[in-house]
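**Student:** Take a look at the following structure, please.
The values are calculated or read from the model by the stated rules, or taken from the named source; none is laboratory data. Note that the coordinates shown come from a computational prediction; the quantities given were computed from them, not determined experimentally. Quick reminder, even Gly has a Cβ in these numbers, built from the backbone with ideal geometry, and neighbours come from all protein chains shown. Side chains are part of the model used for accessible areas, which takes the heavy atoms of the whole protein and leaves out ligands, DNA and RNA. Shrake-Rupley method; radii C 1.70, N 1.55, O 1.52, S 1.80 Å.
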Amino acid sequence: MKSREGHLVELVDDGGRALGEATVAAAHQAPGRLHRAFSVLLVDPQGRVLLQQRAGVKSRFPRRWANSCCGHPRPGESLAEAANRRLGEELGTGPVTLTEVGVHLYHAEDPATGRVEYEYDHVLRADVPADLALLPDPDEVSALRWVDPLRLLAEIDADPCPYAPWLGGVVNRLLRPGHPADPTLPSGVPADDAGERPGDR
């Protein structure tokens with residue numbers, strides 16, 4: 001796996017306004033620096049979401065089940081461009097049409113590695129066909145499975161340990177787009193219109 005620890009991410013405040021830049025490595029060192037990220041949920045015609053089990057070589061939360069694809073837009077890169085880039089790198093699929101359904105702001109420390117996720121996480125939905133071709137990179141993804149989102153939330157409530165700590169919040173945004181917990185984001189915002197939000201560039 002080619003390391004992305006030296007790539008730049010966009011630092012933001014808790015309203016999503018840009019504050020500067022840092023490397024991936026620096027942003028994820030304790031106590032963590034709040035930065036822009038995205039989480040993609042691929043949704044099939046039955047309403048199921050695609051989960052990936054993160055590869056064992058991941059520096060943060062390896063082997064945990066997470067949403068279809070995650071990543072960080074580079075400074076100046078649109079969410080749609082960044083997300084489709086990572087869908088290709090991780091799952092060998094895309095491009096897809098993405099809609100932003102909300103933001104999940106969270107902070108979580110990985111007890112195994114000491115790395116910290118502190119992210120202003122844009123949750124992106126893509127509706128995909130049942131026969132979507134997938135070719136996951138084994139350095140990124142250990143396994144894939146489709147699951148009903150309500151069943152998934154019940155599984156996370158019963159035993160959160162197998163799951164990435166952001167997954168429950170991400171799925172909640174999918175099920176309740178534009179929920180009042182995120183008043184700055186209307187539901188159904190196309191991801192490539194991200195430049196209209198304060199702090200994006």
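**Student:** Residue check: is V147 over 16 Å from R173 (Cβ atoms) and among the aliphatic types (A, V, I, L, M)?
**Tutor:** Spelling it out, V147 is indeed over 16 Å from R173 (Cβ atoms) and among the aliphatic types (A, V, I, L, M).
**Student:** Another question about this same structure. Is it the case that some residue within the range 173-190 is over 16 Å from V43 (Cβ atoms), modelled with pLDDT under 95 and touching a helix residue (DSSP H, G or I) at 6+ places or on another chain (Cβ under 6 Å)?
**Tutor:** No, because not a single residue in the range 173-190 is over 16 Å from V43 (Cβ atoms), modelled with pLDDT under 95 and touching a helix residue (DSSP H, G or I) at 6+ places or on another chain (Cβ under 6 Å).
**Student:** Okay, next question. Quick one: in the range 37-70, which of the residues that are assigned to a strand (DSSP E or B) and open to solvent by 10 Å² or more (accessible area, probe 1.4 Å) is modelled with the lowest pLDDT?
**Tutor:** R54
**Student:** Right, here's the next one. Which numbered condition trips up L87, out of (1) part of a loop (DSSP other than H, G, I, E, B); (2) of a type in the set (A, V, I, L, M, F, W, C); (3) under 25 Å from E10 (Cβ atoms)?
**Tutor:** All conditions pass for L87, except number (1).
**Student:** Another question about this same structure. Which numbered condition trips up A80, out of (1) under 15 Å from the mean Cα position of the chain (by Cα); (2) under 23 Å from L153 (Cβ atoms)?
**Tutor:** The number of the failed condition is (2).
**Student:** Please determine whether any residue of the range 125-136 is in contact (Cβ under 8 Å) with a residue 24 or more places away in the chain, assigned to a strand (DSSP E or B), among the basic types (K, R) and under 25 Å from R17 (Cα atoms).
**Tutor:** yes
**Student:** Here is a follow-up. Looking at the range 123-133, is at least one residue closer than 20 Å to F61 by Cβ, crowded, with 16+ Cβ neighbours inside 10 Å and either at pLDDT 95 or above or β-branched (V, I, T) (or both)?
**Tutor:** Within the range 123-133, one or more residues are closer than 20 Å to F61 by Cβ, crowded, with 16+ Cβ neighbours inside 10 Å and either at pLDDT 95 or above or β-branched (V, I, T) (or both).
**Student:** Within 13 Å of the chain's Cα centre (by Cα) and farther than 18 Å from H28 by Cβ: which single residue out of V128, V141, V123, V147 fits that description?
**Tutor:** Step by step, each of V128, V141, V123, V147 is checked, and only V123 is within 13 Å of the chain's Cα centre (by Cα) and farther than 18 Å from H28 by Cβ.
**Student:** Going through the range 90-104 one residue at a time, which ones are more than 11 Å from the chain's Cα centre (by Cα) and assigned to a strand (DSSP E or B)?
**Tutor:** Result: T99, E100, V101, G102.
**Student:** Could you list, in sequence order, all residues of the range 1-42 that are closer than 27 Å to V96 by Cα, of a type in the set (D, E) and free of Cβ contacts under 8 Å to residues at least 60 places away in the same chain?
**Tutor:** E5
**Student:** Right, next: Keeping to the range 71-96, report how many residues are free of Cβ contacts under 8 Å to residues at least 40 places away in the same chain and open to solvent by 40 Å² or more (accessible area, probe 1.4 Å).
**Tutor:** 3
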